[in-house]
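The structure appears below as structure tokens.
The values are calculated or read from the model by the stated rules, or taken from the named source; none is laboratory data. Predicted model, so just to flag it, every value in this text is computed and none were measured. No Cβ is skipped: glycine too gets one built from the backbone with ideal geometry, and neighbour counts run over all protein chains shown. Just so you know, the surface numbers come from the protein's heavy atoms only, side chains and all, with ligands and any DNA or RNA stripped out. Shrake-Rupley method; radii C 1.70, N 1.55, O 1.52, S 1.80 Å.
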Amino acid sequence: MKYSIKAGATDKINSDCIAVVVWNKGGLSEEAQLADKVSNKGISKILRSEDFTGTLGQTHIVYNPVGLKSKRLLLIGGGESKKLDSKSAANMFRAGLKAVYASNAASAHFAIASVTVKDETAPWVCKRLAQEAEIASYRYNQTKSKKSKAVTANLISVSPSKGARRKSLEEALKSGSIIGAGINRARHLGNLPGNVCTPSYLADEAIALAKKHSSLQVKILGEKQMARLKMGSLLSVSAGSAEEAKLIVMEYKGAKADSKPHVLVGKGVTFDTGGISLKGGAGMDEMKFDMCGAASVIGAMAAVVQLKLPINIVGLIGAVENMPSSTATKPGDIVTSMAGKTIEVLNTDAEGRLVLCDVLTYAERYKPRSVIDIATLTGAAVATFGSHVSALLSNDDKLSESLIDCGKNSLDRVWPLPLWEEYQPLLNSNFADIANIGGPRAGTITAACFLSRFAEKFKWAHLDIAGSAWNSGAQKGATGRPVALLVEYLSQQKA
Ligand code: BES
Ligand code: MN
Ligand code: ZN
């Protein structure tokens, strides 16, 4: 998709589809007023029919609109103009873009210069529009012999709002589209089936990304190299799988070589059967999404290199497949982590933390400014939060607050759970330094408690995205979360 800022009166713009906002109960935005005037009250007549009333997210297309140069006039409902906040604006754009993409329009112009969003600037509006435009254009096709039609539109233009610098609007469109593309990349990796998206596939994806960008270096560690590093915990998860585990190391340099990096750590369980502690059959297909943390790291890294952020960032992914077999780890087995701590594997289905703990230890070598791990870690996070928010647990209040803030700004929200000492004893083991499960209660917290034992040397936050990373049901598919949050957080950091 191409994006541009295009000035001009609504009736003079020559686009395949020009979009204007109509407010609730028929209030017209400035652009809609002009379109109404030149079309002999064409919009007013539609409103009188009450088929379209301007409620938020409602859309209506008029073909060959009278008095306009554009081929289609798209009315987008904006709801109550005073109540248009960032969330409703994003919803409004999504609805408008969906209507554009459902048509055969090759270009669309958003005549929204007069539309203001509560607490947000004109560049924010452009950024969000471009991000939504990317997201709405994604179609999953890779494993279908009959491909769904790609969207016809290839150009989206936006009217410059008064007083805004054109350059800043253009940059906003660019960064929004980059973030949207990063989100789509994460969605796509998540959607791929477990027999395609293996640990090696994720590694190849990272290598391909590095080939395109000289600011990104990628190295892949196989099982032999991980054994040499004594990553006994991570390797115990892949012990039952024919797929080789990979540690994917992505190093982005946007600042001086000696500037300490921020580190992202992704859980990349490309399929989670539960191992010997086998999961039930119903819905198990969705455990292909158990690498969505890893996908979000790749998506965020892809965005970061294109945004050319002026900091150093390392993306680490523990990529493994969790399978039962005669070589698989058994309940009660004790493994030794890279940190030297022994772990009693009481449940082989609590594998994510076994992978992440060794990757967190690996992260120590960077002396990171912050470490954020992203993982579809616990069913308990789904029970607690549903799909709208990711769980946040952290050993640093400032980092936690900053992530909550970035979640609000990016509409990719996180919410904290306590990481209190009192929960730690639930992980006591009679036979090892620590057990890998903490019993049936407070599952998201005890999982984070486990990780915290391996994150003592840096500022660390854990995002449990089990509920937010994908949708189930008819709209089954990965969401690409929390790429937007991660990019927002990294964009706020300074070298
Ligand atoms: N990948 C799952 C967590 C999960 C389950 C995410 C359902 C989304 C939906 C994780 O590896 C897992 O199996 N966790 C167990 C931990 C338990 C054995 C302590 C869980 O949450 O049931
Ligand atoms: Mn599991
Ligand atoms: Zn898992």
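Taking a threshold of 22 Å on the Cα-Cα distance, which of the pairs K246/K279; K69/K118; K219/K279; K87/K308; K367/K459 fall above it? Kindly include the intermediate steps, with their values, before the conclusion.
Details: K246/K279 24 Å; K69/K118 31 Å; K219/K279 33 Å; K87/K308 27 Å; K367/K459 10 Å.
In this structure, K246/K279; K69/K118; K219/K279; K87/K308 lie more than 22 Å apart at Cα.
Taking Cβ atoms as reference points and 13 Å as the exclusive limit, the residues near N154 contribute a net charge of -1, counting Lys and Arg as +1 and Asp and Glu as -1.
Of all DSSP bridge pairs formed entirely within the stretch 375-495, close to 60 percent run antiparallel.
Counting charges near G67 (Lys, Arg +1; Asp, Glu -1) among other residues having Cβ under 11 Å from its Cβ returns a value of +2. Remark: C-alpha extents of the chain on the principal axes read 82, 50, 44 Å, sorted largest to smallest. Along the axis of the charge dipole computed for the chain (Cβ charges of +1 for Lys and Arg, -1 for Asp and Glu, origin at the Cα centre), the listed residues G54, A300, L486 are led at the positive end by G54.
Mean separation of Cα pairs under 8 Å and 6 or more residues apart, divided by the residue count, gives the chain a relative contact order of 14 percent. Here is how the number arises for the chain: DSSP H runs of 4 or more residues each give -39500 (n - 2.57), the sum is divided by the residue count, and the result at 222 nm is -11000 deg cm²/dmol.
Rounded to the nearest 5, what % of DSSP beta bridges with both residues in the stretch 2-137 are antiparallel? Write out the running numbers ahead of the final one.
Working: 6 of 13 bridges.
Roughly 45 percent of the DSSP beta bridges within the stretch 2-137 come out antiparallel.
Separation of the stretch 261-280 and the stretch 131-158, taken as the distance between their Cα centroids, equals 29 angstrom. In degrees, nearest 10, range 0 to 90: what is the angle between the Cα axis of helix 292-307 and the longest Cα principal axis of the chain? The helix 292-307 is inclined about 60 degrees to the chain.
To the nearest 20 debye, what is the magnitude of the charge dipole of the chain about its Cα centre, counting +1 on the Cβ of each Lys and Arg and -1 on the Cβ of each Asp and Glu?
Numbers: 61 positive and 45 negative charges, 421 e Å.
In total the dipole reaches around 2020 debye.
By its C-alpha gyration tensor, with a ≥ b ≥ c as the square roots of the eigenvalues, how is the stretch 388-495 shaped: rounded for a/c under 1.5, else prolate for a/b larger than b/c, else oblate? Write out the running numbers ahead of the final one.
Details: a/c = 2.54, a/b = 1.38, b/c = 1.84.
Taking the square roots of the gyration eigenvalues as a ≥ b ≥ c, the stretch 388-495 is oblate.
For the stretch 2-137, a crude dipole built from +1 on the beta carbon of Lys and Arg and -1 on the beta carbon of Asp and Glu, taken about the Cα centre, is about 160 debye to the nearest 20. Centroid-to-centroid, using Cα positions, the stretch 200-244 and the stretch 398-439 are 26 Å apart. Accessible area of W23 (1.4 Å probe, protein heavy atoms only, ligands and nucleic acids ignored): about 40 Å². Remark: the Cα gyration tensor places the stretch 224-297 in the oblate category, a/c being 1.5 or greater and a/b not exceeding b/c.
Compared with the dominant principal axis of the Cα atoms in the chain, helix 166-191 is inclined by about 50°. Indicate the gyration tensor shape class of the stretch 53-142 (rounded, prolate or oblate), computed on the Cα atoms with a ≥ b ≥ c the square roots of the eigenvalues: a/c under 1.5 is rounded; otherwise a/b larger than b/c is prolate and the rest oblate. It comes out oblate by the Cα gyration axes.
Please report the net charge: other residues with Cβ closer than 13 Å to the Cβ of A9, K and R +1, D and E -1. So the environment of A9 carries a net charge of +1.
Taking the inverse of the mean 1/r over every pair of distinct Cα atoms in the stretch 129-175 gives a Kirkwood hydrodynamic radius of 13.0 Å.
Using the heavy atoms of the protein chains alone and a 1.4 angstrom probe, what is the accessible area of the chain per residue in square angstrom? Write down the numbers at each step before the final one.
Values: 20520 Å² over 495 residues.
Spelled out: the 1.4 Å probe surface of the chain, per residue, equals 41 Å².
Note on the stretch 124-218: Cα-only Rg and Dmax are 16.6, 53 Å. Between the stretch 360-377 and the stretch 16-59, the alpha-carbon centres lie 51 Å apart.
Would you mind checking the pairs K253/K288; K71/K174; K212/K253; K253/K408 and listing those with alpha carbons more than 23 angstrom apart? Could you put the intermediate results ahead of the total?
Working: K253/K288 31 Å; K71/K174 26 Å; K212/K253 14 Å; K253/K408 27 Å.
Result: K253/K288; K71/K174; K253/K408 exceed 23 Å.
The angle between the Cα long axis of helix 397-410 and the main principal axis of the chain comes to about 30°, on a 0 to 90 degree scale.
Taking only protein heavy atoms and a 1.4 Å probe, the accessible area of the chain is 51% carbon and sulfur. A dipole drawn for the chain from +1 and -1 charges on Cβ atoms has a positive end, and of L75, Y63, P331 the residue lying farthest that way is Y63.
Looking at the stretch 184-491, what % of its DSSP beta bridges pair antiparallel, to the nearest 5?
Values: 24 of 49 bridges.
Among the beta bridges of the stretch 184-491, antiparallel pairing accounts for roughly 50 percent.
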